Amino acid sequence: MNVLDDGSDVAMRRRRARRSSVIAWCAALVIVILLIMGRQERTGMDVVGSPETSRPDRTPIPASVPSVDPAVHQVPMPEAQAQVHTVSALKRSAQAGDAAAMRQLAGIGVRCVGMGYARSRFDSTVDAVSANLARGDQVTAAQYRAAAGRLKLQCDALRLAPDQMQATAHQWRRQAADAGDLSARIIERNATGSGEAVTGLLDEALAGGDGEALKEMGVLLSSLLVKEIDPDVGMKLSEQDAYAVSLLACERGLECGPESAMADEMCLSGLMCNGRGYDEEVRENLRMRGEMQRTEARMDMFRGL
């Protein structure tokens, strides 16, 4: 039985999709970035690999650690150094063939591209948005700048030319998927719109209990909801499915609290910069819309699979 078929009327699903909350819009924005990347011309360039398979023509991952100026990034020095060293460690792991590290680097690259880093517009984007936010709430503006500062540190730590970031992130993602990383396979399915069956990926993500994979599954289900039906599998969707799976990701270990990557994405993409964690924000919005009970029911159903 298709676990996503809740028997809802197609017209009702269309109306519900059109009035999706800002949380769903945040997920859709991430999806747009992924879809754009998925359409990029295949370059065929290997980007990362194990030392045993490295070739002279392989594009290496820059290993150097950039210097940190906390005043520029609006991030305290200890946190700034931690951000940089985290990215540097991911690069070392990816160079050694770690598929999860490749996928995480790709995710950072996608977020950097989404903020205009690839067009050298990151700082001007942050300045313009934060100035607009400051007219209404200085605290929100400060939280936006802090989230942007954390991401900018990661972008800089990638040590990639801005015009190479999008293509390189695309290559990392493909290599991670080819190596079998479940999260990367889900992202690739979303980016290309074809490939592995969505129900199979969902079953695998639920069985494995991996928060990262469930997060990406939530984004994929949000994308299918926007499209109203997936032509490859013909599944019906409830709006609560995407929320339920995303909340399960937090429940199963994904960092969703304040200043987490999930909370920062919500702030930078949806301007929801209130200092709350992702899961807390989603639950509050669902309660305000009277949909938390239905979402909890879908979460219980997914927990039982």
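The values are calculated or read from the model by the stated rules, or taken from the named source; none is laboratory data. No experiment lies behind these values; they were computed from the predicted model shown. The accessibility values were calculated without ligands, DNA or RNA, using every heavy atom of the protein model including side chains. Shrake-Rupley method; radii C 1.70, N 1.55, O 1.52, S 1.80 Å.
With the radius of gyration and the Kirkwood radius both derived from the Cα set of segment 117-233, what is their ratio Rg to Rh?
That ratio equals 1.07.
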- prompt: What share of all Cα pairs of segment 130-197, in percent, falls into each consecutive 5 Å distance bin?
  reply: 4, 15, 15, 12, 14, 14, 12, 10, 4, 1
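Mind ranking Ser93, Ser222 by accessible surface for me, highest first, 1.4 Å probe?
Working: Ser93 45, Ser222 20 Å².
Accessible-area ranking of Ser93, Ser222, largest first: Ser93, Ser222.
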field: Length-normalised contact order of segment 70-202 in % [C-alpha pairs under 8 Å, at least 6 apart]
entry: 33
message: Below 8 Å between Cα atoms, with a sequence gap of 6+, how large is the relative contact order for segment 172-215 in percent?
response: 33
